[in-house]
1. Which of the residues spanning segment 1-29 are over 18 Å from the mean Cα position of the chain (by Cα), exposed (fewer than 15 other Cβ atoms within 10 Å of the Cβ) and in contact (Cβ under 8 Å) with a residue 40 or more places away in the chain?
2. Return the only residue of Ser140, Ser104 being closer than 26 Å to Ile3 by Cα, more than 11 Å from the chain's Cα centre (by Cα) and of a type in the set (Ser, Thr, Tyr).
3. Any residue at all in segment 113-124 that is within 17 Å of Ala13 (Cβ to Cβ) and touching an Asp or Glu at 6+ places or on another chain (Cβ under 9 Å)?
4. Return only the number of the condition from (1) part of a strand (DSSP E or B); (2) of a type outside the set (Ser, Thr, Tyr); (3) more than 15 Å from the chain's Cα centre (by Cα) that Glu52 does not satisfy.
5. Taking the condition in contact with a helix residue (DSSP H, G or I) (Cβ under 9 Å, 6 or more places away or on another chain) and closer than 20 Å to Arg48 by Cβ, does Ala151 pass?
6. Only one of (1) among the hydrophobic types (A, V, I, L, M, F, W, C); (2) closer than 23 Å to Met179 by Cα; (3) within 13 Å of the chain's Cα centre (by Cα) is not met by Ile121, so which one is it?
7. Hydrophobic (A, V, I, L, M, F, W, C) and part of a loop (DSSP other than H, G, I, E, B): does that describe Val184?
8. What number of residues in segment 93-107 are buried (at least 20 other Cβ atoms within 10 Å of the Cβ), in a strand (DSSP E or B) and not hydroxyl-bearing (Ser, Thr, Tyr)?
Amino acid sequence: MSIKSDKWIRRMAEQDGMIDPFEPNQIKISDGQKIISYGTSSYGYDIRCADEFKVFTNINSTIVDPKNFDPKSFVEVSGDGYCIIPPNSFALARTVEYFRIPRSVLTVCLGKSTYARCGIIVNVTPFEPEWEGYVTLEFSNTTPLPAKIYANEGVAQVLFFESDEECAVSYRDRDGKYMGQSGVTLPKP
């Protein structure tokens, strides 16, 4: 298994539609303003957060249960270009980019240090071979203060690992429950 370079990422995105929309460069300025970078890096791809958030709330005093998740535990926020996460809370979002992962590839996704240095943790699970969809992101605000997440800017980096051989059973083969997700997707039992 080997980590893939910017050349491989560009080729797979442009020829096979692995990332859509795809940015072949590292973007650090938009409309004359500094932004948290996104796009292709040396050995990865910095993904962006769309302007579609679900912020955790405790107004209904429900129990967080991954087998029986109550969607009323979230408040939807969109259209402002950012999201404010309350202290010691979290929010879900989705990527701007839609991914189509090849059968011989596994990704690992790590939060950007810009957010980590502010006490904001970005958690994303690996993208398995032949998974496709928009990625649901989780932002944990570990601080005692409100935290701001910017839409359409970089939030995490995806690293691509290609195996010498294809897997026997892919995410598509086993009809994975998060296949083809199109928005912020809540837990499914």
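1. Selection gives Met1, Ser2, Ile3, Asp16.
2. Working: Ser140 fails: closer than 26 Å to Ile3 by Cα.
Of Ser140, Ser104, the one residue that is closer than 26 Å to Ile3 by Cα, more than 11 Å from the chain's Cα centre (by Cα) and of a type in the set (Ser, Thr, Tyr) is Ser104.
3. If we filter segment 113-124 for residues that are within 17 Å of Ala13 (Cβ to Cβ), which is where we start, we get none.
No, segment 113-124 contains no residue that is within 17 Å of Ala13 (Cβ to Cβ) and touching an Asp or Glu at 6+ places or on another chain (Cβ under 9 Å).
4. Glu52 satisfies every listed condition except (3).
5. Details: in contact with a helix residue (DSSP H, G or I) (Cβ under 9 Å, 6 or more places away or on another chain): no; closer than 20 Å to Arg48 by Cβ: yes.
In short, no.
6. All conditions are met except number (2).
7. On the way: hydrophobic (A, V, I, L, M, F, W, C): yes; part of a loop (DSSP other than H, G, I, E, B): yes.
Yes, satisfied.
8. If we filter segment 93-107 for residues that are buried (at least 20 other Cβ atoms within 10 Å of the Cβ), which is where we start, we get 93-97, 99, 101, 105, 107.
After this cut, where a residue has to be in a strand (DSSP E or B) as well, the list is 93-97, 99, 105, 107.
Applying the additional criterion that residues be not hydroxyl-bearing (Ser, Thr, Tyr) yields 93-94, 96-97, 99, 105.
Number of matching residues: 6.
The values are calculated or read from the model by the stated rules, or taken from the named source; none is laboratory data. Everything numeric in this text was worked out from a predicted model, so none of it was measured. Counting neighbours? That spans all protein chains shown, and the Cβs are built from the backbone with ideal geometry, glycine included.
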